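Just so it is clear, none of the values below were taken in a lab; they were calculated from the coordinates. Just so it is clear, the structure is predicted and the values come from calculations on it, not from any experiment. Ideal geometry is used to build each Cβ from the backbone, glycine not excepted, and the neighbour counts take in all protein chains shown.
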Amino acid sequence: MIRSSTKSLFTLLLLLLALLIALPTSVAFAQGDGEEITIGMNELPSSLDPPADWAIASTWIHMNIFDCLVWRNRETAAFEPWLASSWENINDTTWRLQLREGVTFHNGEPFDADAVKWTYERIQNASRDQFITFNQWLFIDEITALSPYEIEITTTEPDPSFLSKMAGTGCGIQAPVAGREMMDSGEYTPIGTGPYEFSEDVTDDFLVLEANQDYWQGAPDIETITWRSIPENSTRVANILTGAVDLITDVSPQDWPRINENEGTESRTTSRPASCSWPSAPVPPSRTPTGTV
């Protein structure tokens, strides 16, 4: 069962509940004391490359590995600085963004303007067959690096939804040096700046993420997350009741009483309108990014 302090449990709820981006959804979790959790999912990502898979389960995992330039606050719906520390709308089609300094990717590469250009130009230079989010990023006409930590993004036309798109699916910034090498080799390992690093993946079985101890907002409280594929609802429920997993998603209403009546387990429901499909990274308690807009 989960071994978590009150602070760790708070982080866990942020980790999953803040990332539920569909219609009303129920989760169940077990309470205990520790820094490792196992989450039972009805599915795992078909790809760990953000622009290649936009399923809800994939987005939860992608956005624990990657950060975007802009984040949309779940409570206020306001756009907040993330890897971009500030931005300015220069004219109808030009946005100038200041990038956060001192951030590194999981492999030690520095986050900078080259990383932003490579991430989005990689999508634009591909096709819909390669990246399911391809059409979503065609609003960008050009990305210009003004300095290592300042970029200008020119859109194809005036776009009042610019910030929303920059916080949209596939927005996670990827390590450019390793990324180019992986393109040449045909292999792929997710390398972002997010609060968790990729550790192990067994297709259709489980996925392990480890806390990024150098995360720019501070290391997460929960050190290891194992995401397990448990497609059958009754099997997921049995796993939470017996302590085989610490949290499950997509709990059917008929199972809520059984979970709530079981000692040490509880179900909770969160609601996110379908239109609010914004990926986000979990925020460690008492830490929020700073910046200006």
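So the values come out like this:
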{"quantity": "Per-residue Cβ neighbour rank within 10 angstrom, fewest leading, 138, 83, 247", "calculated": "138, 247, 83"}
{"quantity": "Cα-centre dipole for region 151-192 with unit charges at Cβ (Lys and Arg positive, Asp and Glu negative), debye to 20", "calculated": "120 debye"}
{"quantity": "Cβ-defined net charge surrounding residue 103, 12 Å radius [Lys, Arg +1; Asp, Glu -1]", "calculated": "-4"}
{"quantity": "Kirkwood hydrodynamic radius over Cα pairs of region 6-270, then Stokes diffusion coefficient at 10 °C and 1.306 mPa s, in µm²/s", "calculated": "81 µm²/s"}
